[in-house]
Amino acid sequence: MKVEFADTSYWVALIDAKDQWHEKAAALSRALDANSILTTDEVLTEVLAFFSAYSSRTRQRVFQFVFDLVNNETHVEVIEQSRAYFLAGLALYEGRPDKSYSLVDCISMQLMRAEGLRDVLTSDSHFTQEGFTILLKDQI
């Protein structure tokens, strides 16, 4: 079974119908239904932070979405935060002073390398700079 890593921009696009990538994320979600999706607590923290200024109704909906993910109500595997991945991400962060990667991106990239993953459900071009294939992009 093929595993895809899901980054923050994928979850935001999937949740927010007004997001420019919503239709693409929804289509990928349907196509990946039988596949396994991997994400992290750190990514979900960013998702919750992204929606923190939205209405209380939206915040509750996003809370329930994330709660279901972390409680295995879906086909998504959520990797818990760990000191080892934090330090691995921190090392990449320090090693790329010319890049504008977030620490969460660095942790995600290090986890993807450790798991042998190449494809990432994201629109974030930072992943291509590290040799990963982003799946939320315009068709050429």
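Place a point 7 Å from Cα of Arg83 in the direction of its Cβ. Which residues in the stretch 15-49 have their backbone N less than 11 Å from it?
none
Add -39500 (n - 2.57) for each DSSP H run of 4 or more in the chain, then divide by its residues: what number comes out at 222 nm, to the nearest 500 deg cm²/dmol?
Computed ellipticity for the chain at 222 nm equals -15500 deg cm²/dmol.
Report the one residue of Ala31, Thr133, Val47 whose Cα lies farthest in the direction of the positive end of the charge dipole of the stretch 12-138 (charges on C-beta: Lys and Arg +1, Asp and Glu -1; origin at the Cα centre).
Among Ala31, Thr133, Val47, the one farthest towards the positive end of the dipole of the stretch 12-138 is Val47.
What helices does the chain have that are whole DSSP H segments, at least 15 Å long along their own axis by Cα, and with mean Kyte-Doolittle hydropathy of -1.0 or more?
56-70, 83-95, 103-115
For the chain, calculate the relative contact order in percent as a whole number, restricting contacts to Cα pairs under 8 Å that are 6 or more residues apart.
Value for the chain: 28 percent.
Compute from the Cα atoms of the stretch 3-134 the Rg and the Dmax, the latter being the longest Cα-Cα distance, and quote both in angstrom.
Final numbers for Rg and Dmax: 14.3, 40 Å.
Taking the Cα centre as origin and putting +1 on Lys and Arg beta-carbons and -1 on Asp and Glu beta-carbons, what dipole magnitude results for the chain, to the nearest 20 debye?
Approximately 200 debye in magnitude.
Could you name the aspartates and glutamates in cross-link range of Lys99, using Cα to Cα under 14 Å and dropping any fewer than eight places away on the same chain?
Asp124, Glu130
Give the residue list of GluC sites (Glu not before Pro) in the stretch 73-140 that are DSSP loop and have at most 12 other beta-carbon atoms within 10 angstrom.
Qualifying residues, ordered by number: Glu73, Glu80.
Here, each number is a calculation from the coordinates, and none is a lab measurement. Computed from a prediction, not measured in an experiment: that's the story for all the values here. Note: ideal-geometry Cβ built from the backbone for every residue, glycine included; neighbour counts use all protein chains shown.
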